[in-house]
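The values are calculated or read from the model by the stated rules, or taken from the named source; none is laboratory data. Remember, it's a predicted structure, so these values are computed and weren't measured experimentally. Glycine also receives a Cβ, built like all others from the backbone with ideal geometry; neighbour counts cover every protein chain displayed. Only protein heavy atoms, including side chains, enter the accessible area calculation; ligands, DNA and RNA are left aside. Shrake-Rupley method; radii C 1.70, N 1.55, O 1.52, S 1.80 Å.
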Amino acid sequence: MWRYPRILAHRGGGTLAPENTYAALRRGMEQGFRAIEFDIMLARDGVPVVLHDAVLGRTVNGSGHVHDYDAAELAAMDAGGWFAQGFLGEPVPLFVEFAQFCKAHGVWMNMEIKPAPGFERATGETVARIAAALFAGELEEGGEAIGRVPLLSSFSHAALEAAMAAAPRVPRACLMERLAPDWERIARSVEAVAIHACHRYLTREQARAVKEAGFGLFCYTVNDPARARELLDWGVDAFCTDRIDLIRPDFR
Ligand code: G3P
Ligand code: MG
């Protein structure tokens, strides 16, 4: 069962703002989004930051790996100038603060655990512990409140296993570019509530099988409204989009 929003802004604000930043989040919110996907990895000091790439240089004005720097050093780096001059100085967000901001503004979160190679378990455990602490009240309350708890997703099975061990009540989803032949066994082994699949490779038959097995089905990253309608027609529960200007939260 899918109890979360249907349309999410990918990396906070899609392609309308520098990804995984507060500027992206604000842009998404301006477009009416109250649900986002973003990526999390660990800095050298084990503090999680909101970032997609393990290697700096594409979106962050720096060099080397994310784990060469403490979180405070990353937070002082520019993550906006690559996108446009007007975003120069936009920081790399600290995950805890970013999640608190989202929660305070009623923005639902799909937290993608994006470990740098070698940091799978540590990243999964850290993100899950923080999510559980931030949403302890909702987890305790249960019922409708569970719909406000973030959904943790990852391509890394080890990260999901560690998340399950650290905070079993925070829901998990398996990210799979293409559905593995044994996707159901993999998903059940981490008690996942949903499959997050790349829409390019998903077939109508696979969508039906996932839904019939009782899982939520989420697609990334859907930027064409016609394809979005087709996926919803197949029974896909939700998707994230980079084109938050074309596909709004009330899209049908
Ligand atoms: O979580 C969905 C999607 O974001 C996965 O791919 O590379 O954009 O993080 P990526
Ligand atoms: Mg992602």
- Task: For the stretch 221-231, name all the residues that are open to solvent by 40 Å² or more (accessible area, probe 1.4 Å) and in contact with a strand residue (DSSP E or B) (Cβ under 8 Å, 6 or more places away or on another chain).
- Result: 223
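Could you tell me whether residue 243 is in a loop (DSSP other than H, G, I, E, B) and modelled with pLDDT under 95? Break it down into steps so the answer makes sense when it comes.
Working: in a loop (DSSP other than H, G, I, E, B): yes; modelled with pLDDT under 95: no.
For residue 243, the condition - in a loop (DSSP other than H, G, I, E, B) and modelled with pLDDT under 95 - is not met.
Which residue is nearest to ligand 2 (Cβ to nearest atom), if the candidates are limited to the stretch 14-30 and must be in a loop (DSSP other than H, G, I, E, B) and within 18 Å of residue 104 (Cα to Cα)?
Let us first name the residues in the stretch 14-30 that are in a loop (DSSP other than H, G, I, E, B), namely 14-21.
Among the residues that remain, those that are also within 18 Å of residue 104 (Cα to Cα) are: 20-21.
On the way: 20: 8, 21: 14 Å.
Taking the candidates together, the pick is 20.
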- Would you mention how many residues in the stretch 72-110 are surrounded by 19 or more Cβ atoms within 10 Å (Cβ to Cβ) and assigned to a helix (DSSP H, G or I)? 5
- Taking the stretch 111-134 and keeping only residues that are surrounded by fewer than 24 Cβ atoms within 10 Å (Cβ to Cβ) and either among the small types (Gly, Ala, Ser) or outside any loop (DSSP other than H, G, I, E, B) (or both), one is left with 116, 118, 120, 121, 122, 125, 129, 130, 132, 133, 134
- Message: Just to check your reading of the model, which residue among 44, 34 is closer than 22 Å to residue 238 by Cβ and more than 14 Å from ligand 2 (Cβ to nearest atom)?
- Response: 34
- Note on the structure: From the option list 80, 28, 12, single residue qualifying as in contact with a Lys or Arg (Cβ under 8 Å, 6 or more places away or on another chain), touching a residue at least 24 places away in the same chain (Cβ under 8 Å), of a type in the set (Gly, Ala, Ser) and within 24 Å of residue 243 (Cα to Cα) is 12
- Of the candidates 190, 236, the one satisfying the condition of being out of contact with any Ser or Thr (no Cβ under 8 Å at 6 or more places or on another chain), of a type outside the set (Gly, Ala, Ser), more than 14 Å from ligand 1 (Cβ to nearest atom) and open to solvent by less than 40 Å² (accessible area, probe 1.4 Å) is 190
- Note on the structure: If you go through 24, 9, 84, 99, the only one that is more than 16 Å from the chain's Cα centre (by Cα) and either within 30 Å of residue 191 (Cα to Cα) or among the hydrophobic types (A, V, I, L, M, F, W, C) (or both) is 84
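Kindly indicate whether residue 141 is free of Cβ contacts under 8 Å to residues at least 24 places away in the same chain, more than 17 Å from the chain's Cα centre (by Cα), away from ligand 1 (no atom under 16 Å from the Cβ) and under 25 Å from residue 229 (Cα atoms). Show your work before the answer.
On the way: free of Cβ contacts under 8 Å to residues at least 24 places away in the same chain: yes; more than 17 Å from the chain's Cα centre (by Cα): yes; away from ligand 1 (no atom under 16 Å from the Cβ): yes; under 25 Å from residue 229 (Cα atoms): no.
Spelling it out, it is not the case that residue 141 is free of Cβ contacts under 8 Å to residues at least 24 places away in the same chain, more than 17 Å from the chain's Cα centre (by Cα), away from ligand 1 (no atom under 16 Å from the Cβ) and under 25 Å from residue 229 (Cα atoms).
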